[in-house]
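Here's the structure we're looking at; comments come further down.
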Amino acid sequence: MISIIGLILSLSLIIFLAYKGYSTIITAPLVALLTVFLIGEDTNTQLMVHYTEVYMGGFANFVKNYFPIFLTGAIFAKLMEETLYAKSIANFITKNLGKNKTILAVVFAGALLTYGGVSLFTVAFVLYPIANVLFKESDIPKRLIPGTIALGSFTFTMTALPGTPEIQNVIPMRYFGTDTFAAPLIGIIASVLMLLLGIVWLTYRVRKAHANLEGYGNHHIEDNPNENKNIPSIFLAVTPILIIFLSNLFFSKIFYQLIDGSYLSKYNLSLDNVSGTWSVIISIVISTLFIIITNFGKFSNLNKVLNEGISNSFLPLLSSSAIVGYGSVIKSLPVFIALQSMILNVSSNPIISEALSVNIICGITASASGGLTITLDALSSTFIAMSQSLNISPEIMHRIAALASGGLDTLPHNGAVITTLAICSLTHKDSYKDIFITSVVIPILVTALVVITASILYT
C-alpha cells in the first residue's frame, strides 16, 4: 500500500510539472529516480544504474523502433505545410461545406490531414487561422475551436480509422504482427461513432451558446492579405495523402505477403513483426519524394525546409521516449507487478484487460504513444497468450490497443492539449471542457462499447 501511494505521488508530480509547462525530457528521469529512491527495494546507491541502464534502455529502445516514423512523418508534414498543400485541403473543405457547417468543416479538414500523416501539432498550426476566421464569420464562440480541432485530430484518425499512419496505429504492429489496416470493420464503426457523437456534442454547445446570446467574443484577428495567394489545387494537394494510403495498402497487403522473410531469423525477427512499420516508412518516403520532385523549382531553400522538418521530429520523439524511459523504471519496481496484477485480475478476458491496461497507463503518462509502448512492452506476451487460448485474432487485439490509447491520454497535462490551447490563445478554463468531452469521454465510451461487443462476439 505504501508503494502504491508512492507511485500515485510520483505520477501526480510528473503530471503537475507537465501541467506547469516543464519538459518531460527533464522531469521524467528526475521523477523516475525520485520514485526509485522513495519506494525502490534496491539500495539507493544503485540510482545511477536505474538511470543509465533502465531509464535510458527504455528511452533508447523507443528511439530505435520509431525514430524513422517520427522523422519521415515530420519531414512530410513540413513539406505539406511549405507547399501549402495542407492549407489547400483545409480551405477546400471549409469553403465547400459553408458557414452553417463550420464545425463539420474544421473536423473534416483536421481528419483528412491527420489521416494523411500530418502530425497533430502541425494540424493545429494549420487549422487554427482558418477555424478562427470561420468561427468569427459564423459567430461561434472562439472557445470551441480547441475542442473542434481535437475531435478532428486527436480521436478517430489517430487510433481507429484503418490505414492511418499515425504512430498510435503503428506501435501495435510490432507486438501483434499486424498492419495499419487491422480489424477494419471495428475501426470504421468506432470512427463513425466518435465522429457522430463529437459533432452532436459540439453542435449542442454552439446552440446553447447562441441561445445565451454568446457569439464569437471579443478576440482580435490579424488580417493576412497574402494567405490565399498561390494556393495549389485540391487535386494536387490530396495526391500525397492518396500515395501514402495506396502505397501502404500495397506493401502491407501484397508486397510483403509475397516476400520470403526467413533471412530475418538471424536478427531474431519475423517479417510479421516489422513489415507493417516498413510499409508505413516506405509509403511516407515515396510521398515525400513526390512532393519534392513536383515542387523542386518552387523551393527557395529546400535544405532549410528539410532541416526544419528534421528538427520538428526531435521534440515529440524525445518527449515520448522520456515518458517510455520513466515507464521502464516504474516497470522495474515491485509496485508495477502489483499494479499489473490488479489490472489483470479485473477480467480474464484479454480484450477487457488490454483496454483497461492501455488506457490507465496512457492516462498516467499523458501520452498515447508512450503509454501504449510501456503497456505492450510489459504485457503484450500475456495478452497474446490469453487471446490465443480464446482464438481471438491479433488484428482485434491491435485495434483494441490503438483505440484504448486515445482515451485518458489527453488529460490536462498532455502536450498536444497544452500546445493547441497555446496556439489558440485560450486557457484550460476557457476550452478544456470540450477537449475533454471530444477526446477523452467520447473515445472512452466508444472503446467501451467496442470492447463489450467484441467480448460478446469473440469470447
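Tabulated data
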read-out	value
Helices (runs of 4 or more DSSP H) completely within the range 139-207 that count 3 or more residues being more than 17 Å from Ala355 (Cβ to Cβ)	145-153, 167-176
Candidates Ser262, Ser279, Ser270 - the one that is open to solvent by 30 Å² or more (accessible area, probe 1.4 Å), touching a residue at least 12 places away in the same chain (Cβ under 8 Å) and of a type in the set (Gly, Ala, Ser)	Ser270
Some residue of the range 100-111 being among the aliphatic types (A, V, I, L, M) and surrounded by fewer than 23 Cβ atoms within 10 Å (Cβ to Cβ)	yes
The range 403-441: number of residues that are of a type in the set (A, V, I, L, M, F, W, C), in a helix (DSSP H, G or I), touching a residue at least 40 places away in the same chain (Cβ under 8 Å) and surrounded by fewer than 24 Cβ atoms within 10 Å (Cβ to Cβ)	5
All positions within the range 172-185 that are surrounded by 22 or more Cβ atoms within 10 Å (Cβ to Cβ) and of a type outside the set (Phe, Trp, Tyr)	Pro172, Met173, Thr178, Asp179, Thr180, Ala182, Ala183
Per-region count, the range 157-183, residues on the phi < 0 side of the Ramachandran plot and in contact with a Pro (Cβ under 8 Å, 6 or more places away or on another chain)	7
Some residue of the range 329-347 being open to solvent by 20 Å² or more (accessible area, probe 1.4 Å), over 25 Å from Val417 (Cβ atoms), of a type in the set (S, T, N, Q) and not in a helix (DSSP H, G or I)	yes
Residue list for the range 208-232, filter: at pLDDT below 90, open to solvent by 40 Å² or more (accessible area, probe 1.4 Å) and either closer than 23 Å to Thr294 by Cβ or part of a helix (DSSP H, G or I) (or both)	Asn226, Glu227, Asn228, Lys229, Asn230, Ile231
Only listed residue being under 24 Å from Leu197 (Cβ atoms) and open to solvent by less than 30 Å² (accessible area, probe 1.4 Å), chosen from Ile392, Ile400	Ile400
Members of the range 235-268 found to be among the hydrophobic types (A, V, I, L, M, F, W, C) and more than 24 Å from the chain's Cα centre (by Cα), listed by number	Phe235, Leu236, Ile254, Phe255, Leu258, Ile259, Leu264
Residue within the range 13-25 that is at pLDDT below 85, within 27 Å of Ile167 (Cβ to Cβ), in a helix (DSSP H, G or I) and open to solvent by 80 Å² or more (accessible area, probe 1.4 Å) present	yes
Which numbered condition Phe250 misses (of (1) closer than 30 Å to Trp278 by Cβ; (2) touching a Gly at 6+ places or on another chain (Cβ under 6 Å))	(2)
Unique residue being outside any helix (DSSP H, G or I) and either of a type in the set (D, E, K, R) or at pLDDT below 85 (or both) when the list is Asp272, Asp260	Asp260
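The values are calculated or read from the model by the stated rules, or taken from the named source; none is laboratory data. Quick caveat: nothing in here was measured; it's all calculated off a predicted structure. Note that we place each Cβ from the backbone using ideal geometry, even for glycine, and neighbour counts take in every protein chain shown. In case anyone asks, the SASA skips ligands and DNA or RNA and just uses the protein heavy atoms, side chains included. Shrake-Rupley method; radii C 1.70, N 1.55, O 1.52, S 1.80 Å.
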